[in-house]
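J.: Would you mind keeping the following structure in view while I ask a few things?
The values are calculated or read from the model by the stated rules, or taken from the named source; none is laboratory data. Predicted model, so just to flag it, every value in this text is computed and none were measured. Ideal geometry is used to build each Cβ from the backbone, glycine not excepted, and the neighbour counts take in all protein chains shown. For accessibility, only protein heavy atoms count, side chains too; no ligands or nucleic acids. Shrake-Rupley method; radii C 1.70, N 1.55, O 1.52, S 1.80 Å.
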Amino acid sequence: MEATAKPPAPSLSLPWKTRIALSVLSTFTDASCRKNGTVNRRLLNLFDFRSPPTSKSTNGIMSHDVVVDKTRNLWFRVYVPTQHDVEDLPVIVFFHGGGFVFLSPDVMAYDAVCRRFARKVPAVVVSVNYRLAPEHRYPSQHEDCFDVLKFLDDEENRSKSLPENANLRRCFLVGDSAGGNLAHHVTQRACEFRFRRLQVIGVVAIQPFFGGEERIDSETRLDGTPIVSVKRTDWMWNAFLPKGEGFNRDHPIINVSGPKAVDLSKIDFPATMVVIAGFDALHDWQKRYYEWMEKSGKEVYLVEYPNMCHAFYIFPELPESTQLIGQVREFIHKVSSNVGSLLTN
């Protein structure tokens, strides 16, 4: 018998430019995480390059910032595609990553990502600046993100913050890493809340930050791949969780599909797209999340990039980054079309 050749094993496929950027990011992240559980934000500010909003159209996008609550520095940045000003556009509420500890909407990488979503989908994008740990522990981040939804649901706030063609009945919650965690849990809460106008009809969880007390295979097998490591994620979970009994990594806010999971089968959870990568140490947690959603009877789609690592999509030089933006676009159009059909029948 002739031997059947095995397909080549996936390998982490990154250009040197991306590898260097990831190395620098990891180095400064680790350097800013103190042993006492605090963050050296002064060190971070030396390399924390920000992008201001653009009141004039830049590459087809205008942006402006809206303050929700000055006392907790809760605000969001709105991205409006200027070439689609007469079209009815979906609204993407975007939650950035950073382990609940780092980053913000005006960081250059996230500003660029949200501009791409606004231009390519197209959609009106609302990127939320939520409070960060350890200065503000759970549930601060989830409360902030949900409060933005309530703020937008108010007609006076909506009219002052969003363009007329922003359709809040076609609202999608999108987030990466910690933002993917936020997208799931904020959606779950939105399903149980009676909004007047806003309707969450879809979720995109890009490499969501989930975990548990168990050391899962991908955490040990892929420890040391870019961005994510057991040491780093343990530090972030410790910074994020309140001190006290019951707050460990099996809390459902972290181990979303674990032993204390919410019974999702009883919740009218919207269509969800889950993005995972082959060289992300969180891969197996994210795969469990997808499988749990499927077993719960939810409409869920899995998109996998076997040759990519955590946070790959924020690097526009990667073809996979462009591909993912396109897949998010297709998902949003598909779900919008399906919901529109149901409303007209």
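J.: Output the residues belonging to region 328-342 that are out of contact with any Lys or Arg (no Cβ under 9 Å at 6 or more places or on another chain) and surrounded by 15 or more Cβ atoms within 10 Å (Cβ to Cβ).
T.: At the first step, the residues of region 328-342 found to be out of contact with any Lys or Arg (no Cβ under 9 Å at 6 or more places or on another chain) are 330-331, 333-334, 337-338, 341-342.
Within region 328-342, just 331 meets the criteria.
J.: While we're here: Counting only residues that are outside any strand (DSSP E or B) and either farther than 17 Å from residue 336 by Cα or open to solvent by less than 30 Å² (accessible area, probe 1.4 Å) (or both), how many does region 182-209 have? So that I can check it myself, show each step before the final result.
T.: Step one: of region 182-209, the residues outside any strand (DSSP E or B) are 182-199, 207-209.
Adding the requirement that they be either farther than 17 Å from residue 336 by Cα or open to solvent by less than 30 Å² (accessible area, probe 1.4 Å) (or both) leaves 182-196, 198, 207-209.
So the count comes out to 19.
J.: What are the pairs, 6+ residues apart or on separate chains, where a residue within region 248-267 that is free of Cβ contacts under 8 Å to residues at least 60 places away in the same chain and outside any loop (DSSP other than H, G, I, E, B) has its Cβ under 6 Å from a residue that is crowded, with 16+ Cβ neighbours inside 10 Å and among the polar types (S, T, N, Q)?
T.: Filtered contacts from region 248-267: 265/296.
J.: Can you work out which of the residues in region 1-51 that are open to solvent by less than 80 Å² (accessible area, probe 1.4 Å) and among the acidic types (Asp, Glu) is modelled with the highest pLDDT?
T.: Of everything passing the filter in region 1-51, 30 is modelled with the highest pLDDT.
J.: Looking at (1) surrounded by fewer than 23 Cβ atoms within 10 Å (Cβ to Cβ); (2) closer than 24 Å to residue 223 by Cβ, which one does residue 271 not meet, given that it meets all the others?
T.: Of (1) surrounded by fewer than 23 Cβ atoms within 10 Å (Cβ to Cβ); (2) closer than 24 Å to residue 223 by Cβ, only one is false for residue 271: (2).
J.: Within region 111-134, can you find the residues that are β-branched (Val, Ile, Thr) and part of a loop (DSSP other than H, G, I, E, B)? Walk me through it before giving the result.
T.: Residues of region 111-134 β-branched (Val, Ile, Thr): 113, 121, 124-126, 128.
If the condition is that a residue be β-branched (Val, Ile, Thr) and part of a loop (DSSP other than H, G, I, E, B), then 121 is the only one that fits.
J.: Among the candidates 212, 224, 179, which residue alone is more than 15 Å from residue 267 (Cβ to Cβ), open to solvent by 10 Å² or more (accessible area, probe 1.4 Å) and of a type outside the set (D, E, K, R)?
T.: On the way: 212 fails: open to solvent by 10 Å² or more (accessible area, probe 1.4 Å); 179 fails: open to solvent by 10 Å² or more (accessible area, probe 1.4 Å).
When all the criteria are applied, what remains is 224.
J.: For region 201-227, what are the residues that are in contact with a Leu (Cβ under 6 Å, 6 or more places away or on another chain) and closer than 19 Å to residue 183 by Cβ?
T.: So in region 201-227, the residues in contact with a Leu (Cβ under 6 Å, 6 or more places away or on another chain) come out as 203, 226.
Correct list: 203 only.
J.: Considering only region 161-181, state which residues are of a type outside the set (A, V, I, L, M), over 18 Å from residue 69 (Cβ atoms) and in a helix (DSSP H, G or I). Please lay out each step first, then the result.
T.: Just the residues of region 161-181 that are of a type outside the set (A, V, I, L, M), to begin with: 161, 163-165, 167, 169-172, 175-177, 179-181.
Those left that are additionally over 18 Å from residue 69 (Cβ atoms): 163-165, 167, 169-172, 175-177, 179-181.
Result: 179, 180, 181.
J.: Any idea which of 285, 235 is surrounded by 22 or more Cβ atoms within 10 Å (Cβ to Cβ), touching a Gly at 6+ places or on another chain (Cβ under 9 Å) and assigned to a helix (DSSP H, G or I)? Give the steps one after another, and end with the answer.
T.: Values: 235 fails: surrounded by 22 or more Cβ atoms within 10 Å (Cβ to Cβ).
The conditions single out 285.
J.: Next up: Can you name the residue in region 288-300 that is assigned to a helix (DSSP H, G or I) and touching a helix residue (DSSP H, G or I) at 6+ places or on another chain (Cβ under 9 Å) and, of all such residues, is surrounded by the most Cβ atoms within 10 Å (Cβ to Cβ)? Give the derivation first.
T.: As a first pass, look at region 288-300 and keep what is assigned to a helix (DSSP H, G or I): 288-295.
With touching a helix residue (DSSP H, G or I) at 6+ places or on another chain (Cβ under 9 Å) added as a condition, the list becomes 289, 292-293, 295.
On the way: 289: 26, 292: 16, 293: 23, 295: 12.
That would be 289.
J.: Under 7 Å by Cβ, and 6 or more places apart or on different chains, what pairs join a residue from region 205-233 that is of a type in the set (A, V, I, L, M, F, W, C) with one that is open to solvent by 20 Å² or more (accessible area, probe 1.4 Å) and not in a helix (DSSP H, G or I)?
T.: Pairs found: 222/279; 230/223.
J.: Between 80, 93, which is closer than 21 Å to residue 204 by Cα and either open to solvent by less than 10 Å² (accessible area, probe 1.4 Å) or assigned to a helix (DSSP H, G or I) (or both)? Give the steps one after another, and end with the answer.
T.: Details: 80 fails: either open to solvent by less than 10 Å² (accessible area, probe 1.4 Å) or assigned to a helix (DSSP H, G or I) (or both).
On inspection, the qualifying residue turns out to be 93.
J.: Among residues belonging to region 135-160 that are part of a helix (DSSP H, G or I) and acidic (Asp, Glu), point out the one that is surrounded by the most Cβ atoms within 10 Å (Cβ to Cβ).
T.: Among those that are part of a helix (DSSP H, G or I) and acidic (Asp, Glu), it is 144.
J.: Could you please give the count of residues in region 301-318 that are open to solvent by less than 30 Å² (accessible area, probe 1.4 Å) and assigned to a strand (DSSP E or B)?
T.: Counting residues in region 301-318 that are open to solvent by less than 30 Å² (accessible area, probe 1.4 Å) and assigned to a strand (DSSP E or B) gives 4.
J.: Out of everything in region 210-232 that is outside any helix (DSSP H, G or I) and of a type in the set (D, E, K, R), what residue ends up being modelled with the lowest pLDDT? Break it down into steps so the answer makes sense when it comes.
T.: The initial filter retains those residues of region 210-232 that are outside any helix (DSSP H, G or I), namely 210-216, 222-229.
Among the residues that remain, those that are also of a type in the set (D, E, K, R) are: 213-215, 223.
Details: 213: 97, 214: 96, 215: 96, 223: 91.
Taking the candidates together, the pick is 223.
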